[in-house]
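Trainee: Quick one: this structure, given as structure tokens, is what I'll be asking you about.
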Amino acid sequence: MAQTKVPERPPVRKKAAPRRRALPKADERSVEERAASGKAARATTPLEAHAEFKPAESRDPVGLLIRQAETRVPELVPIRHGRMLVSPFTYYRGAALPMAADLATTPTSNLRTQLCGDAHLSNFGVYASPDRRLVFDINDFDETLPGPFEWDVKRLAASFVVAGRGNGFTEKQTRKVTIATAAHYRTAMREFAGQSILDVWYARFNIEDVLQEYESTLTPRKLKRRKAAITATEAQLAKARTRDNLQAIDKLTTVVNGHRQIISDPPLVVRLDDLTEFDADDVRSRLNKILTKYRVTLQSDRRHLFDHFTIADVAHKVVGVGSVGTRAWIVAFDGRAQNDWLLLQAKQAEASALADYAGESEYANEGQRVVAGQHLMQATSDIFLGWLRAQPTDEHYDDYYVRQLRDWKESADIERLTPRSMDLYAQSCGWTLARAHARSGDRFEIAGYLGNSAKFDNAIADFAERYADQNERDHAALAAAVADGRIEAQTGV
């Protein structure tokens, strides 16, 4: 059998970083004192200051991407750069690190919460809750870390400008969407400041309930006019329900001698038996010990569920845009009954892109950092979400977080969004981000800082437009770096 070589990543380069910073503990001040403290923060950082963005003369986004690639699988890095080259929006998706460096130079509120760290609009979507309801939430936490709340808001808002321009929207249409993002974040945060912490913790965006409630508010005339859009949304939700673990198993695996075997599709999916850098038998012998450690990170009832499955096959899989080059494994499991199968993804977790600018994680295991951040920010999470540390070769250890490969997961088709549908989507993202921040940050202080006026909304929209301009220049700089050989890219993969 022909073997596919995926070279070993070089060892992680150690460098100085800010001290570890966790979220502040529960505040003993009164609600009124915390709200007043937030309002007082405007004296140091006025709301209008968030419009500012002045690129540093020394900034080198291509250099940051090259530095980031040093710890990734060398043969896969050109695929990442090729995907980023496709458009300014795909570049933006992969440029969390350059933007983190830029955000660190902007005025800050110093009001910290758990950040997504990569809160662009494609990192929101629907998935299945454990009670089998479709929920809308943030769905990517590779860069999660505590930091100033506005960093997430700015990355989200700028992503709408980049996407709107890519869709050919007018400047006025794009600005309306961007203001809706910040406005719904601000008003939602103020609403959460009026609720108990338990109400905030239980709040979630049940997509079917929201759609039903929306339809009930429409007059018969408006309902008729928007019927096509509603029908398209319902069709997309129906599609999401088909994107479950069984669908992934049918697509990615086949049955060989009564056991599930992953289908190779190099270089995107390569079975363990076809990877020359690994001793497949040695890795398999380690897997049970590794998964025993992962099992411990699950709730006790979910450990019992996990015990119904045994390993059938393992493969390496290329995922996403920003994550290309990190290790991502898919593990197929056989169950005890004929139609019991499970497909898990173990995704490598490196230090957050924010770590050099917001402080290192309090967690020694980067996989645990991702899982802890996800639990803090999501209303409900995958029942198999856990973490582990593995040693695929004798040279180094890697941190991973583990989850189901698919569980009714679906994201918006950005290129098909109209100005109106993108505006509605922006409102949903703004509300969802505020709820995520309200769970871990001081919602009273942040709400007091944001206030009732639209000053913050307009400042964020100004910043987003300026940063979208910078993003276009950075995309062009990446293309130039590929053309002159500074960086390598492989397109069409």
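Read-outs: derived from the displayed coordinates by stated rules, not from any lab. Remember, predicted model here, so these are calculated numbers, not experimental data. Please note: Cβ atoms are built from the backbone with ideal geometry, for glycine as well, and neighbour counts cover all protein chains shown.
Trainee: Among Leu405, Leu376, what is the fewest-to-most ranking by other Cβ atoms within 10 Å?
Mentor: Working: Leu405 25, Leu376 19.
In order of increasing Cβ crowding within 10 Å: Leu376, Leu405.
Trainee: Would you order Thr90, Thr326 from fewest to most other beta-carbon atoms within 10 Å of each residue's own beta-carbon? Each step should come with its number before you reach the end.
Mentor: Details: Thr90 19, Thr326 23.
The most exposed by this proxy come first: Thr90, Thr326.
Trainee: With a ≥ b ≥ c the root eigenvalues of the C-alpha gyration tensor of the range 343-383, is it rounded (a/c under 1.5), prolate (a/b larger than b/c) or oblate? Could the numbers behind the result be given before it?
Mentor: Numbers: a/c = 2.47, a/b = 1.51, b/c = 1.64.
Since a/c reaches 1.5 but b/c is at least a/b, the shape of the range 343-383 is classed as oblate.
Trainee: How long is the gain from Ile197 to Thr491 if the chain were fully straight, where each residue apart is worth 0.36 nm and the alpha carbon distance is subtracted?
Mentor: 101.1 nm
Trainee: Any chance you could get the radius of gyration and Dmax over the Cα atoms of the range 334-493, in Å?
Mentor: Every Cα atom of the range 334-493 included, Rg and Dmax give 20.8, 60 Å.
Trainee: Evaluate the distance, in nm, between pseudo-label points positioned 7 Å from the Cα of Ser300 and of Glu171 along their respective Cα→Cβ axes.
Mentor: With each label point 7 Å from Cα toward Cβ, the separation is 6.2 nm.
Trainee: Of the DSSP beta bridges with both residues in the chain, give the percent that are antiparallel, rounding to the nearest 5. Walk me through the numbers on the way to the answer.
Mentor: Numbers: 44 of 46 bridges.
Rounded to the nearest five, the antiparallel share is 95 percent.
Trainee: Which of the chymotrypsin sites (Phe, Trp or Tyr not before Pro) found in the range 257-314 are loop residues per DSSP with 10 or fewer other Cβ atoms within 10 Å of their Cβ? Don't jump to the answer; show the numbers that get you there.
Mentor: On the way: sites: Phe278, Tyr294, Phe306, Phe309; in loops: Phe278.
When the chymotrypsin sites (Phe, Trp or Tyr not before Pro) of the range 257-314 are filtered for loop state and at most 10 Cβ neighbours within 10 Å, nothing remains.
Trainee: While we're here: With charges set only on the Cβ (+1 for Lys and Arg, -1 for Asp and Glu), what does the dipole of the range 408-487 come to about its Cα centre, in debye to the nearest 20? Present the calculation step by step, with values, prior to reporting the outcome.
Mentor: Numbers: 10 positive and 13 negative charges, 60 e Å.
It comes to approximately 300 debye.
Trainee: Stretch Leu268-His308 to full length: gain in nm at 0.36 nm per residue minus the Cα-Cα span?
Mentor: On the way: separation 40, 0.36 × 40 = 14.40 nm, distance 2.91 nm.
That pair, Leu268 and His308, stretches by 11.5 nm at full extension.
Trainee: Please find the FRET efficiency linking Asn257 to Asn110, where r is the Cβ-Cβ separation and R0 is fixed at 51 Å, and quote it to the nearest 0.05. Don't jump to the answer; show the numbers that get you there.
Mentor: On the way: r = 60 Å, r/R0 = 1.18.
Efficiency, rounded to the nearest 0.05: 0.25.
Trainee: When Rg is the radius of gyration of the Cα atoms in the chain and Rh is its Kirkwood radius, what does Rg/Rh come to?
Mentor: Numbers: Rg = 22.6 Å, Rh = 23.6 Å.
Rounded to two decimals, Rg/Rh equals 0.96.
Trainee: To the nearest 20 debye, what charge dipole does the range 245-404 have about its Cα centre, counting +1 at the Cβ of each Lys and Arg and -1 at the Cβ of each Asp and Glu? Don't jump to the answer; show the numbers that get you there.
Mentor: Numbers: 17 positive and 23 negative charges, 117 e Å.
Here the range 245-404 has a charge dipole of around 560 debye.
Trainee: For the range 245-404, give the share of DSSP beta bridges that are antiparallel, in percent and rounded to the nearest 5; count only bridges with both residues there. Show your work: numbers first, answer last.
Mentor: Values: 32 of 33 bridges.
In the range 245-404, approximately 95 percent of DSSP beta bridges are antiparallel ones.
Trainee: Related question: For the range 302-422, what class follows from the C-alpha gyration tensor (a ≥ b ≥ c being the square roots of its eigenvalues): rounded when a/c is under 1.5, otherwise prolate if a/b is larger than b/c, else oblate? Provide the component values of the computation, followed by the final result.
Mentor: On the way: a/c = 1.66, a/b = 1.12, b/c = 1.48.
Oblate, since a/c reaches 1.5 and b/c is not below a/b.
Trainee: Round to the nearest 10 and give me the degree value, 0 to 90, for the angle of helix 31-44's Cα axis relative to the longest principal axis of the chain.
Mentor: 80 degrees
Trainee: State, as an integer percentage, the relative contact order of the range 245-404 based on alpha-carbon contacts under 8 Å between residues 6 or more apart. Present the calculation step by step, with values, prior to reporting the outcome.
Mentor: Details: 253 pairs, mean separation 33.5, N = 160.
Relative CO of the range 245-404 lands at 21 percent.
Trainee: When a/c is below 1.5 the answer is rounded, else prolate if a/b is larger than b/c, else oblate, so apply that to the range 403-474 with a ≥ b ≥ c taken from the square roots of the Cα gyration tensor eigenvalues.
Mentor: Working: a/c = 1.83, a/b = 1.14, b/c = 1.61.
Here the range 403-474 falls in the oblate category.
Trainee: Taking the Cα centre of the range 270-403 as the origin and placing charges on Cβ (Lys, Arg +1; Asp, Glu -1), which of Val270, Leu344, Gly367 is farthest toward the positive end of the dipole?
Mentor: Positive-end residue among those listed: Leu344.
Trainee: Hey, what angle do you get for helix 455-483 against the long axis of the chain, alpha-carbon based, 0 to 90 degrees rounded to 10?
Mentor: 40 degrees
Trainee: If the chain between Glu472 and Leu23 were fully stretched, how many nm would it gain, using 0.36 nm times the residue separation less the Cα-Cα distance? Intermediate values should be presented prior to the final figure.
Mentor: Values: separation 449, 0.36 × 449 = 161.64 nm, distance 3.41 nm.
Fully extending the segment from Glu472 to Leu23 adds 158.2 nm.
Trainee: While we're on this one: Could you tell me the center-to-center distance, by alpha carbons, between the range 441-493 and the range 270-296 in angstrom?
Mentor: 39 Å
Trainee: With charges only on Cβ, +1 for K and R and -1 for D and E, what is the dipole size of the chain about its Cα centre, in debye, rounded to 20?
Mentor: On the way: 69 positive and 67 negative charges, 205 e Å.
For this selection, approximately 980 debye.
Trainee: Where the centre of each part is set by its Cα atoms, how far does the range 42-108 sit from the range 136-180, in angstrom?
Mentor: 14 Å
Trainee: Then there's this: What angle do you read, to the nearest 10 degrees and between 0 and 90, between the alpha-carbon axis of helix 149-166 and the longest principal axis of the chain?
Mentor: Taking Cα atoms only, the helix is inclined about 80 degrees.
Trainee: Listed here are the pairs Lys39/Lys176; Lys154/Lys347; Lys251/Lys293; Lys172/Lys455; Lys54/Lys154; Lys251/Lys289; which of them are more than 22 Å apart at the Cα?
Mentor: Numbers: Lys39/Lys176 26 Å; Lys154/Lys347 27 Å; Lys251/Lys293 29 Å; Lys172/Lys455 18 Å; Lys54/Lys154 14 Å; Lys251/Lys289 28 Å.
Those over the limit are Lys39/Lys176; Lys154/Lys347; Lys251/Lys293; Lys251/Lys289.
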